[in-house]
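Q: Dropping the structure in here first, questions after.
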Amino acid sequence: QVQLVESGGGLVQAGGSLRLSCAASGSIASINAMNWYRQAPGKQRELVAGITSGVRTDYADSVKGRFTISRDNAKNTVYLQMNSLKPEDTAVYYCHVLLTRWGTTVPQNYWGQGTQVTVSS
């Protein structure tokens, strides 16, 4: 079994900051990529930021320069530091992890439960 537990969402004024965390636990042999997605009402889920096992990062154009993704391999945790938040950042943010469980060889996708981020103007 693998679990992803997210935390850190909330309500913040425009220009403010939030830090999201997502901790993976369970029968984990290795973690490949760790990503953050978001989904606003009436919109498709979109990739916000990603980080590989080699700590290569990638960001959506809309968040470049404002958001920073990082990971703590010892804790199997990925973070998303969000600065200069805008109302259009309002969405449910989901953690996604591509990992390999002990006793298997094929990486599998796991999703967190989602955390609401609301940015007021």
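Q: Per-residue HN-Hα couplings for the stretch 68-83, Karplus 6.51 cos²θ - 1.76 cosθ + 1.60 at θ = phi - 60°, whole Hz, x for Gly and Pro?
A: So the J values, rounded to whole Hz, are 9, 9, 8, 9, 10, 5, 5, 9, 6, 10, 10, 10, 9, 8, 10, 10.
Q: Moving on to the next point. Restricting to Cα pairs below 8 Å that are 6+ residues apart, what does the relative contact order work out to for the stretch 1-98? Please round to a whole percent. Spell out each step's value before the answer.
A: On the way: 192 pairs, mean separation 34.4, N = 98.
Answer for the stretch 1-98 is 35 percent.
Q: Might you tell me the accessible area per residue for the chain, computed with a 1.4 Å probe and given in Å²? Walk me through the numbers on the way to the answer.
A: Numbers: 6460 Å² over 121 residues.
Solvent-accessible surface per residue comes out at 53 Å².
Q: Rounded to whole Hz and in sequence order, give me ³J(HN,Hα) for the stretch 32-44 from the Karplus expression 6.51 cos²θ - 1.76 cosθ + 1.60, θ = phi - 60°, writing x for Gly and Pro.
A: So the Karplus estimates, Gly and Pro as x, are 8, 8, 10, 9, 10, 10, 9, 9, 8, x, x, 10, 6 Hz.
Q: If I model a spin label as a point 7 Å beyond the Cα along the Cα-Cβ vector, how far apart are those points for residue 44 and residue 108 in nm?
A: 2.7
Q: Let me ask something else about it. Got a number for carbon plus sulfur as a percent of the chain's accessible area, 1.4 Å probe?
A: Details: 3070 of 6460 Å².
The C+S portion of the solvent-accessible surface of the chain is 48 percent.
Q: Taking residue 64 as the anchor, which lysines have their alpha carbon closer than 21 Å to its alpha carbon, excluding any fewer than eight residues away along the same chain?
A: Here the lysines satisfying the reach criterion relative to residue 64 are 43, 86.
Q: Here's something else I'd like to know. Work through the residues other than residue 89 whose Cβ is under 15 Å from its Cβ and net out their charges, Lys, Arg +1 and Asp, Glu -1. Walk me through the numbers before you get to the answer.
A: Working: positive: 19, 38, 43, 45, 64, 66, 86; negative: 46, 61, 88.
Here the charged neighbours net out to +4.
Q: Still on this structure: Can you list the residues, at least 5 places off or on another chain, whose amide H is less than 5 Å from the amide H of residue 101, using H built in the peptide plane?
A: 29, 108
Q: Can you check what the net charge comes to around residue 39, using other residues whose Cβ is under 10 Å from the Cβ of residue 39 (Lys, Arg +1; Asp, Glu -1)? Can you show the working numbers first?
A: Numbers: positive: 38, 43, 45; negative: 46.
Taking every Cβ under 10 Å from that of residue 39, the sum is +2.
Q: Find me the longest stretch of the chain that has none of the exposed trypsin sites (Lys or Arg not before Pro), where exposed means in a DSSP loop (not H, G, I, E or B) with at most 16 other Cβ atoms within 10 Å.
A: Values: sites that count: 43, 45, 56, 64, 66, 75.
For trypsin sites (Lys or Arg not before Pro) (loop position, at most 16 other Cβ atoms within 10 Å), the longest site-free span of the chain is 76-121.
Q: Could I ask something else about it? Under the Karplus relation 6.51 cos²θ - 1.76 cosθ + 1.60, θ = phi - 60°, what is the ordered set of whole-Hz ³J(HN,Hα) values for the stretch 100-110, x standing for Gly and Pro?
A: 10, 7, 4, x, 10, 10, 9, x, 10, 8, 10
Q: Taking the chain as a Gaussian network, where each spring joins two C-alpha atoms under 10 Å apart, which residue of 44, 108, 13 fluctuates the most?
A: Result: 44 has the largest fluctuation of those listed.
The values are calculated or read from the model by the stated rules, or taken from the named source; none is laboratory data. As the structure is a prediction and not an experimental result, all values here were calculated from the model. Positions of Cβ are backbone-derived with ideal geometry, glycine not excepted, and every protein chain shown enters the neighbour counts. Side chains are part of the model used for accessible areas, which takes the heavy atoms of the whole protein and leaves out ligands, DNA and RNA. Shrake-Rupley method; radii C 1.70, N 1.55, O 1.52, S 1.80 Å.
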